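*Asks:* There's a structure below that I have some questions on.
The values are calculated or read from the model by the stated rules, or taken from the named source; none is laboratory data. Being a predicted model, the structure only gives us computed values, none of them experimental. Cβ atoms come from the backbone with ideal geometry, glycine included; neighbour counts cover every protein chain shown.
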Amino acid sequence: MIDLKGQLNRYFGFKNFRPGQQQVMTALLKHRDVLAVLPTGGGKTLLYQLYAAITHQRVIIVSPLISLMQDQVGRLQYLGSKHVVALTSGLDFKERQFVLKHLEQYQFIYVSPEMLANPQVITRLQKLAIGLLVIDEAHCISEWGPDFRPDYLKLAGVRKALKKPLTLMMTATATVKTRLDILRRLEMRPNQVEQVELPVNRKNIF
């Protein structure tokens, strides 16, 4: 039995989890896929960072915004991780080819849904051992996917191509209907996915 609070303190210096975090971690460490609806500022990024720290496995994070990815890369590097990279359209051809060639050196790989539509990227990812697939802003699959970000709708195929790794879907807001739609579009069965939902309302928000 893993002492999760002890691991949290060891790697991040926190004594206690925020609401919902421990439930998510417990499910992931039991190898259960998780759909987590945690409010903004609820510590969603800590979930996959702690999972990687405990298991020493590779994490692929699908994120819709380059600025968000760059921010997370910067934070991880600040925390001391040298094995983190963002595969984005911001890389020129030479940089992208270098990253793809050395992809096995990275523990955290951030990538946009559009980049996952690139066959070369998928081919390289298929050769890696993937401990956790994270889909950030998962509501995009349901709400934005059909119009704004159609490549979010291809993530079910991406997940299959990667041999269905353990998956953590994260969002700050999703109705019951949206959650079910996310799982349907990812071809996942609701009864096989741990759903952790916290209310959006917080005391410091008026």
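*Asks:* Here is a check on your reading of the model: is residue 4 aliphatic (A, V, I, L, M), farther than 11 Å from residue 198 by Cβ and under 13 Å from the mean Cα position of the chain (by Cα)?
*Replies:* Here the answer is no, as residue 4 does not meet what is asked.
Matching residues to (1) within 24 Å of residue 196 (Cα to Cα); (2) among the hydroxyl-bearing types (Ser, Thr, Tyr):
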| site | (1), (2) |
| --- | --- |
| 107 | no, no |
| 110 | yes, yes |
| 129 | no, no |
| 152 | yes, yes |
| 181 | yes, no |
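*Asks:* Name the residue that is farthest from residue 50 (Cα to Cα), counting only residues in segment 83-103 that are more than 16 Å from the chain's Cα centre (by Cα) and of a type in the set (S, T, N, Q).
*Replies:* Checking each candidate, the answer is 97.
*Asks:* Is one or more of the residues making up segment 76-86 among the charged types (D, E, K, R) and part of a helix (DSSP H, G or I)?
*Replies:* no
*Asks:* I've got another one for you. Check segment 141-148 and report whether any residue there is under 14 Å from the mean Cα position of the chain (by Cα), assigned to a loop (DSSP other than H, G, I, E, B) and surrounded by 15 or more Cβ atoms within 10 Å (Cβ to Cβ).
*Replies:* Checked against the condition, which is being under 14 Å from the mean Cα position of the chain (by Cα), assigned to a loop (DSSP other than H, G, I, E, B) and surrounded by 15 or more Cβ atoms within 10 Å (Cβ to Cβ), segment 141-148 yields no hits at all.
*Asks:* Out of segment 104-140, which residues are under 20 Å from residue 68 (Cα atoms), part of a loop (DSSP other than H, G, I, E, B) and either at pLDDT below 90 or within 12 Å of the chain's Cα centre (by Cα) (or both)?
*Replies:* Listed by number, the residues that qualify are 112, 113, 114, 136, 137, 138.
*Asks:* Identify all residues within segment 55-72 that are crowded, with 17+ Cβ neighbours inside 10 Å and within 20 Å of residue 10 (Cβ to Cβ); write none if there are none.
*Replies:* 59
*Asks:* Looking at (1) surrounded by fewer than 21 Cβ atoms within 10 Å (Cβ to Cβ); (2) farther than 25 Å from residue 149 by Cα; (3) modelled with pLDDT of 85 or more, which one does residue 50 not meet, given that it meets all the others?
*Replies:* In the conditions (1) surrounded by fewer than 21 Cβ atoms within 10 Å (Cβ to Cβ); (2) farther than 25 Å from residue 149 by Cα; (3) modelled with pLDDT of 85 or more, residue 50 misses (1) alone.
*Asks:* Tell me which residues, restricted to segment 93-123, are β-branched (Val, Ile, Thr), in contact (Cβ under 8 Å) with a residue 24 or more places away in the chain and farther than 21 Å from residue 72 by Cα.
*Replies:* 122
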